Amino acid sequence: MANQIKEGWLTFKSIFTGMGITMRHLFQPSVTLQYPDEREELPPGARAQLYVNIDDCIGCNLCARACPVNCIDIETVKATDDVDLGKTSTGNPKRFWLTRFNIDMAKCMYCDLCVHPCPTDCITMVPEYEYSEFDRTNFVYHFSNLSPEMVAEVKDKAEEEAERKKREKEEMMRKKAEEKKKKEEEAKKKAAEEETKKEDETDADDSTNKNSENDDKE
Amino acid sequence: MFETIGNIMAPLTAIIIHAAIPLTIILVYALVAIWGERKIAGFIQDRLGPMRVGGFHGWAQSIADLLKLIQKEDIIPTDASRFLFKFAPFMMFAASYAAFAVIPFSSDYIGSNINVGVFYLLAVTSILTLSVIMAGWASNNKWSLLGGMRSAAQMVSYEVPTIATVLTVIVVAGSLNLMTVTEMQSGNDILGFLPNWFIFQNPFLIVAFIIFFISILAESHRVPFDLPESESELVGGYQTEYSGMRWAMFMLAEYADMLLLSLLGATLFFGGWNSPFGEFMAGPFWGFFWFMLKGLLLVFVMMWIRWTLPRYRVDQLMHICWSILIPLSFVNLILVALWEMIF
Ligand code: SF4
Ligand code: SF4
């Protein structure tokens, strides 16, 4: 009996303790954020979506090589001599057209490894965390801002130039080779001439020597 | 000819008006209470609760919910007993609604001033049990049936301590008429300043009120006794198969039931429409205000408990009722009767 009364007392006590706690919380300010209207400021360095400032990219491929899951896909075309791509905001000269710069965010694991090696700081994590999609292919983000015609043109030009350069090089090589040949031939000729000259001289010498020898003997 | 129509029409209009008053109260209260419950739940859990619909703190949330529920498809399982299935929610609401007839809302207004008021109220509210079993059985679903059975067991059991504690008040008041019971509690003479409410009249009535409150929690299926619905284990209990407005009728009935039993508690223990300050702020209108205030405070406590306590198991529930509350309430009844005899 006494035990039961004690138990009953404890029950009531714990109920009232609990109710006291909930009553206190009733007057505490809520911790909720009204999400679509307000959102949390992400701390600096938060890892979310990748962004590439394509105007600053020099196409060095360092980010793609740093990525452990190979989700960055870069294709570059060397700029021809007649165009000047300018410089990045950090002062590095740009030498490549970026015909393709795709990041597959569905594969990305937000490791941040691609951000650090970039010499121009143009690939960064932006605090943009809402990017769900219905189609997985939409996760492949295209950062290259060249139109397909532009890409084709640039590629053609680059190829032409490469061809021309190759030809020029070949020409040069040929010329060089010819020159070399010429030089060699000349050198040979000279050598031959000299040889003959020398031979004559030695002949003369020999005779004199012989003569002298003979003289000595005599 | 016109006279006969007039003779019929006049009482009919009176009936309709009298019927409309509690209905309006219930509907307005339900809209506020559903929103209030969600806000209270939110605040207790350090959240905000509904905020989007309407201007201030999402006040139009329950109206929006209502519109949503009206648009929902009305699904009836193929193998369900169609008539009983459709009828159960309305019967449940009718049961709690009918009981409002004897609640004295203010000194000037009571739906039906009958001598057997409390008796009528308790009798009519036991139809709730019936409708819950009806819903559970007609759904032809084992969860529903289990929910219905649990509810039957629970409500029949808790009816006993409820009636025993109501009886203690009746013993003190000496009348079954709720208006008389209320009128007996007017004035401020206890210890010179306390209102004449029954709760202050003798110590055993405080015990009676505690028992009464616990059993009305169980009767209106509120946490910690919401086993018939227990959405996490019985997938909704007896209302599993209900959708749209039929389900909403159940919810409405539950809220109406909460208000009804709270108002009964306010009438029996807290002086009904009597002002707590004697003659100050008394009168029919203020009476209504005080009465609703007391009732809503009890409703608030019910909600507060809901977001504090976990649910009981069936065996614990039965244990509380049969081995604690019922013996206690009977002993209490006898003690109150002795007290009344002595003083
Ligand atoms: S964050 Fe990591 S996984 Fe994602 S692209 Fe950069 S290196 Fe690759
Ligand atoms: S490391 Fe930076 S500059 Fe180099 S390719 Fe990647 S994004 Fe461009």
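The values are calculated or read from the model by the stated rules, or taken from the named source; none is laboratory data. Being a predicted model, the structure only gives us computed values, none of them experimental. Cβ sites come from the backbone with ideal geometry, for glycine too, and all protein chains shown count toward neighbours. Accessible surface areas use protein heavy atoms only, side chains included; no ligands, DNA or RNA. Shrake-Rupley method; radii C 1.70, N 1.55, O 1.52, S 1.80 Å.
Couple of notes before you dig in:
- Out of A:Met109, A:Met105, sole residue that is within 29 Å of A:Glu38 (Cα to Cα), over 17 Å from the mean Cα position of the chain (by Cα) and within 16 Å of ligand 2 (Cβ to nearest atom): A:Met105
- Cβ pairs under 8 Å, 6+ apart, first in segment B:306-319 and at the interface with chain A (Cβ under 10 Å from one of its Cβ atoms), second surrounded by fewer than 18 Cβ atoms within 10 Å (Cβ to Cβ) and not in a helix (DSSP H, G or I): B:Trp307/B:Gln45
- From the list B:Thr165, B:Thr267, B:Thr182, the one residue that fits, being at pLDDT 90 or above and outside any loop (DSSP other than H, G, I, E, B), is B:Thr165.
- Yes/no for A:Val77 being in contact with a Ser or Thr (Cβ under 7 Å, 6 or more places away or on another chain) and more than 14 Å from every other protein chain (Cβ to nearest Cβ): yes
- Hey, A:Ile21 surrounded by 11 or more Cβ atoms within 10 Å (Cβ to Cβ), not basic (Lys, Arg) and not assigned by the TED database to the domain that holds A:Met125 or not: yes
- From A:Ile54, A:Ile15, residue being over 30 Å from A:Glu153 (Cβ atoms) and hydrophobic (A, V, I, L, M, F, W, C): A:Ile15
- Count of segment B:31-66 residues which are within 11 Å of chain A (Cβ to nearest Cβ) and small (Gly, Ala, Ser): 4
- The residues of segment A:25-45 that are surrounded by 12 or more Cβ atoms within 10 Å (Cβ to Cβ), away from every other protein chain (no Cβ under 14 Å) and either under 28 Å from B:Trp307 (Cβ atoms) or in contact with a strand residue (DSSP E or B) (Cβ under 7 Å, 6 or more places away or on another chain) (or both) amount to a single one, A:Arg39.
- Count of segment B:81-105 residues, restricted to those that are open to solvent by less than 10 Å² (accessible area, probe 1.4 Å) and outside any helix (DSSP H, G or I), is 3.
- Qualifying residues in segment A:119-134 (those that are open to solvent by 40 Å² or more (accessible area, probe 1.4 Å), within 19 Å of A:Thr88 (Cβ to Cβ) and part of a loop (DSSP other than H, G, I, E, B)) - the one farthest from ligand 2 (Cβ to nearest atom): A:Asp121
- Test for A:Gly59: is it within 26 Å of A:Tyr110 (Cα to Cα) and at pLDDT 85 or above: yes
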